[in-house]
Amino acid sequence: MNVQNSEIQKSDIKDGLSDSERIALQKHLDEKMHELNALKNATPLGRARMQLDIAEILINLEQKPEAWDFAREAFEVALKNDAWQDAVEACNVLYQTEQDDSIAALGMGVWLAVSFPVDPELTLGMLLHIVDETPHNSDGAALAAVTARYVIDLRAEDDSHESQGFLANNLIAMVAERHSNVRDQAALDKWLDRLELRNPQVFLPRLGQVVDIMVGKNWWFERNELRDKFD
């Protein structure tokens, strides 16, 4: 194998798109940009949702700084309109752009998703990102996993509660195994007790501490002000 072919293969692996897929995505992006520029009577949220669609396409095209700009603006619009679901979806996109503040965006998205009545499936996805980001021996993943189950029990509709609960239970089992080599129900029960993961009055504040570490001083909103709106 010569050097040129090796470099081409590495580029293909990194990019993950065939030429036809890239062309199709670029065409889709052009169409969305045209739609966005032609919007006249759309609500701010309608425009923001289209910006998120564009940001997702840009991520697939590896244009992540540009995707960040679109998603960041969409986040501000969603927050200003108390559209918590849209704000969390924007944070999800911002996390995927892999920019300097993407982990902070993830933390803020998790805070919003747990604090407000956001779709439990989206909340599960945000908490799963924390599991992916945390070391195997860290309690952060355990806190995220049990919070996912807690939110699903609170918010999931009857027709989706069982399937979403199954996913959350599998997540807890996976985290427990990699954290402490837990492999059966008896060991899982002891693990839950040892880490105090049964009481939301205990594990939710601890998850809040994890989020504080993720966001640091980069909060884009005043949490107490948002709590007052919801209360």
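The values are calculated or read from the model by the stated rules, or taken from the named source; none is laboratory data. Note that the structure is predicted; figures quoted are calculated from it, not measured. Every residue, glycine as well, gets a Cβ built from its backbone with ideal geometry; the counts of neighbours run over all protein chains shown.
Note on region 93-111: residues that are within 14 Å of Gly125 (Cα to Cα) and surrounded by fewer than 21 Cβ atoms within 10 Å (Cβ to Cβ) total 1. Residues that are part of a helix (DSSP H, G or I) and surrounded by 16 or more Cβ atoms within 10 Å (Cβ to Cβ) within region 179-203 comprise His179, Ser180, Leu188, Trp191, Leu192, Phe203, listed in sequence order.
State yes or no: is Asp159 farther than 30 Å from Gln26 by Cα and over 12 Å from the mean Cα position of the chain (by Cα)? It is true that Asp159 is farther than 30 Å from Gln26 by Cα and over 12 Å from the mean Cα position of the chain (by Cα). Taken over region 64-89, the criterion of being among the polar types (S, T, N, Q) and loosely packed, with under 15 Cβ neighbours inside 10 Å is satisfied by Asn81 alone. Of all residues in region 196-216, those satisfying the criterion of being without any contact (Cβ under 8 Å) to a residue 60 or more places away in the chain, touching a helix residue (DSSP H, G or I) at 6+ places or on another chain (Cβ under 6 Å) and within 28 Å of Ser102 (Cα to Cα) are Leu197, Pro200. Scanning region 117-155 for residues being at pLDDT 95 or above and not in a helix (DSSP H, G or I) gives a total of 2.
If the condition is being closer than 21 Å to Glu89 by Cβ and free of Cβ contacts under 8 Å to residues at least 12 places away in the same chain, then region 108-157 contributes Asp132, Glu157.
Does Ala176 satisfy the criteria of being part of a helix (DSSP H, G or I), more than 17 Å from the chain's Cα centre (by Cα) and assigned by TED's automatic domain parsing to the domain that holds Trp111? Considered against the rule, which asks whether it is part of a helix (DSSP H, G or I), more than 17 Å from the chain's Cα centre (by Cα) and assigned by TED's automatic domain parsing to the domain that holds Trp111, Ala176 comes out as yes. On the given criteria, is Asp30 at pLDDT 90 or above, surrounded by 14 or more Cβ atoms within 10 Å (Cβ to Cβ) and not hydrophobic (A, V, I, L, M, F, W, C)? No; evaluated as a whole, the condition is false for this residue. For region 39-58, the set of residues classified as buried (at least 18 other Cβ atoms within 10 Å of the Cβ) and of a type in the set (Val, Ile, Thr) consists of Ile54, Ile57, listed by residue number. Answer yes or no: is there a residue in region 147-165 that is within 16 Å of Val211 (Cα to Cα) and not assigned by TED's automatic domain parsing to the domain that holds Ala83. Yes, region 147-165 has at least one match.
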